[in-house]
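The values are calculated or read from the model by the stated rules, or taken from the named source; none is laboratory data. On a predicted model such as this, the values are computed, not experimentally measured, just so you know. Note that we place each Cβ from the backbone using ideal geometry, even for glycine, and neighbour counts take in every protein chain shown.
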Amino acid sequence: MISGILCMDKPEGFTSFDVVAKMRGILRQKKIGHAGTLDPMATGVLPLFLGTATRACDLLPDAGKAYTARFQLGVTTDTQDCTGNILSKAQSTVTREEVLAAMERFTGELWQVPPMYSAVKIGGKKLYEIARKGQEIERPARPVTVYELTLLSFDEQRGEGEFTVSCSKGTYVRTLCHDLGQALGTGGILTGLRRTKAAGFTLADCYTFPQVEELARGGEEALASAIFPVDRVFQSLPALSLSSAQARMFVNGVKLQLNRLPLLAKEGRHRVYGRENAGEPVFLGLASPDFEQKELRIDKLFYQREG
C-alpha cells in the first residue's frame, strides 16, 4: 500500500470524489482521501492522501488557498456561478476603475454568507440538499479572510473579468463574485475557477490522470517519485526530535515527561521525529505539550513499521 500525498490537477467536470474513485482504480488501493473539496466546474490543486496519510485529513493547518477566477457582471443565478438557473440578467455598464474600487472592499477580514448550493450544514442538513428542494433558508454569515485580491483583466463591453485571490479556508469564491456584483449594482457570477494553491501545494506539484497512469505502469518505484511525505503538510508546525529510546516509547503510545525532552517553549501541536538505527529522522506523528500534566500528549501517530 502506498502512503503519502499525491497532488492531482483536477480536471473540469469531475467531483473531488470522482477523482478519488478513479485514483483507487489506477493505484489499486482503497485507502485514499482528499483535502479541500472542489466543485465539478473547478480545476486545479487537489491533494490526495494515500494509506496512513489519510489520518492527516482532519488535522491540516489552515495554510490558506489561492485561485484564479473568471467572473461575469450583469447576471445572477441560484448557484452564484454559470452552472445555475439564471435569476436576472441586465447589461453591465461598469468600468474597470469601478471594479477596482469595489474590490478594495473585499480584502481583509470579511463576513460571508455561504451559498445555498454548498455543503455547509445547518440543522444537520447540507444546504444543497435543501436548495435542491427549491427551498432557501437563512444562513448566518461566517468570518473569512481575503489576503489578496488582484484584478487581472476586465472587458467593460462584455462585463467579463478575471482575478486572482488568496484566501482562508472556508471562503467561497463564487460568493465573492456574487457579492462583488451586488456591490456594483449589477449582480455577478463565477464563470471559471482554477485553484493554484492548497495545503501548501501548488500547480507545480500536481499530476494529471494520464501522467499518473504512466507512472503506475512503471511500478511502485516510479510512483514513489510523485509522492510527498505526509509531514509536508505540517511544515508550519514546530518540530520536536526524540532520542531512539523516546521514539520507541512514543510510537507505543507512551506519554513522555516534558522534563526529559528538549525545551518546548510553545504550546500547541508539534511535528515529532525519531531516528531508526542512527539513520535519517523519521516522522512519527503529532503531539502537544500538556504543561499542566507535564507530559507530551499524542495527537496522532503516523509511524508505520516496515513489513
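Applying the set (1) part of a helix (DSSP H, G or I); (2) buried (at least 21 other Cβ atoms within 10 Å of the Cβ) to residue 128 leaves exactly one unmet item: (2). Screening the stretch 1-19 for residues that are among the aliphatic types (A, V, I, L, M) and outside any strand (DSSP E or B) and picking the one that is farthest from residue 200 (Cα to Cα) gives 1.
Quick grid of which residues meet (1) buried (at least 20 other Cβ atoms within 10 Å of the Cβ); (2) among the aliphatic types (A, V, I, L, M):
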position: 216; (1), (2): no, yes
position: 225; (1), (2): no, no
position: 230; (1), (2): yes, yes
position: 233; (1), (2): yes, yes
position: 238; (1), (2): no, no
position: 241; (1), (2): no, no
position: 248; (1), (2): no, no
position: 254; (1), (2): no, yes
position: 258; (1), (2): no, yes
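Pairing residues of the stretch 70-90 that are over 20 Å from residue 157 (Cα atoms) with residues that are among the small types (Gly, Ala, Ser) and not in a strand (DSSP E or B), at Cβ distances under 6 Å and at least 6 apart in sequence or on separate chains, gives 77/84; 78/84. Would you check which residues across the stretch 262-290 are surrounded by fewer than 17 Cβ atoms within 10 Å (Cβ to Cβ), among the hydrophobic types (A, V, I, L, M, F, W, C) and either at pLDDT 90 or above or in contact with a Phe, Trp or Tyr (Cβ under 9 Å, 6 or more places away or on another chain) (or both) and list them? Hit for the stretch 262-290 is 264, nothing else. Looking only at residues in the stretch 17-67 that are within 18 Å of residue 196 (Cβ to Cβ), at pLDDT 90 or above and of a type in the set (Ser, Thr, Tyr), the one that is surrounded by the fewest Cβ atoms within 10 Å (Cβ to Cβ) is 43.
Applying the criterion of at least 2 residues that are free of Cβ contacts under 8 Å to residues at least 24 places away in the same chain to the helices (runs of 4 or more DSSP H) found wholly in the stretch 170-278 leaves 209-217, 220-224, 244-251.
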